[in-house]
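Presented below is the structure to which this report refers.
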Amino acid sequence: MRLVDYFYVTIPNKAGEGARLLQTLQQARVNLLAFSAFPQGRKAQVDFVPEDAAAFRAAAKKAKWKVVGPKKVFLVQGDDRLGACADLIGALARAGINVIAWDAVAVHGRYGAIFWVAPKDTKKTQKVINSMMVQIDPVAAAIATLGP
């Protein structure tokens, strides 16, 4: 598990806008650990977890993006297995932690997820993940905090 930065931008919710953002980062050689996008009315919010926050900021500044962040994200990686997401979200629920949003994917025996919790639950969530890492293979998850 490691603490990393995440950023977001709001863009028009229309074809090609996401591709434009990703191509800008590709041309600037900015590697992403995670990327998520979702609609918000006529706009879309695009979340980026860059491998190198300074490189991301430089590319975003050059492209004149209106970036929000950085905000902190905890990134954990591990092997895919049956019930990995169910185990983690269940442990968070038992600890009284509300998961605000969740994105997950599995590829070639590995899985990753990003999920958001309220800022007040960040430390508690870290403790839940740390206790699970002792009991099972590390869970691939990123915990993003909302708010300032």
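Any read-out appearing in this document is the output of simple, stated calculations on the displayed coordinates, not a laboratory observation. Everything numeric here is computed off the predicted structure, so don't read it as measured data. Glycine also receives a Cβ, built like all others from the backbone with ideal geometry; neighbour counts cover every protein chain displayed.
Quick one: net charge around F38, please, counting Lys, Arg +1 and Asp, Glu -1 for every other residue with C-beta under 12 Å from its C-beta. For residues surrounding F38, the net value is -1.
From its DSSP helices (H runs of at least four residues, each -39,500 (n - 2.57)), the chain gives a residue-normalised ellipticity at 222 nm of -9500 deg cm²/dmol.
Could you derive backbone 3J(HN,Hα) for region 116-132 from the dihedral phi with the Karplus parameters 6.51, -1.76 and 1.60 (θ = phi - 60°), listing whole Hz in sequence and x where the residue is Gly or Pro? Karplus-based 3J(HN,Hα) across region 116-132 equals 10, 10, 5, x, 5, 9, 4, 5, 4, 5, 4, 5, 4, 4, 4, 5, 6 Hz.
Its convex hull of Cα atoms gives region 2-70 a direction-averaged projected area, equal to a quarter of the hull surface, of 4.3 nm². Counting only alpha carbon atoms, the long axis of helix 17-27 and the longest principal axis of the chain meet at about 90°. Separation of region 70-120 from region 1-30 is 21 Å, based on Cα centroids.
In debye to the nearest 20, how big a dipole does the chain give about its Cα centre with +1 on each Lys and Arg Cβ and -1 on each Asp and Glu Cβ?
Taking the Cα centre of the chain as origin, the dipole is about 700 debye.
Which of the lysines could a cross-linker span from K127 if the Cα-Cα distance has to be under 27 Å and same-chain partners fewer than 8 positions apart are dropped? Cross-link targets: K71, K72. Between G96, G18, G83, the residue with the greatest mean-square fluctuation in the GNM of the chain (Cα pairs under 10 Å linked by springs) is G83. In order along region 94-104, phi translates into HN-Hα couplings of 5, 7, x, 9, 8, 8, 6, 7, 8, 10, 9 Hz, rounded to whole numbers, per the Karplus curve 6.51 cos²θ - 1.76 cosθ + 1.60 with θ = phi - 60° and x for Gly and Pro. If you take all other residues with their beta carbon under 10 Å from the beta carbon of I11, and give Lys and Arg +1 and Asp and Glu -1, the sum is +3.
Placing unit charges on each Cβ (+1 for Lys and Arg, -1 for Asp and Glu) gives region 2-70 a dipole about its Cα centre, and among A55, V67, F35 the Cα reaching farthest toward its positive end belongs to V67.
How about region 39-128: which trypsin sites (Lys or Arg not before Pro) there are in a DSSP loop, with at most 10 other Cβ atoms within 10 Å of their Cβ?
Loop-located and lightly packed - R42, K64, K66.
When restricted to Cα atoms, region 70-136 yields an Rg and a Dmax of 11.7, 35 Å, respectively. The equivalent ellipsoid that matches the C-alpha gyration tensor of the chain spans semi-axes of 28, 16, 15 angstrom, in descending order.
Using Cβ point charges alone (K and R +1, D and E -1), the dipole size of region 2-70 about the Cα centre works out to roughly 340 debye.
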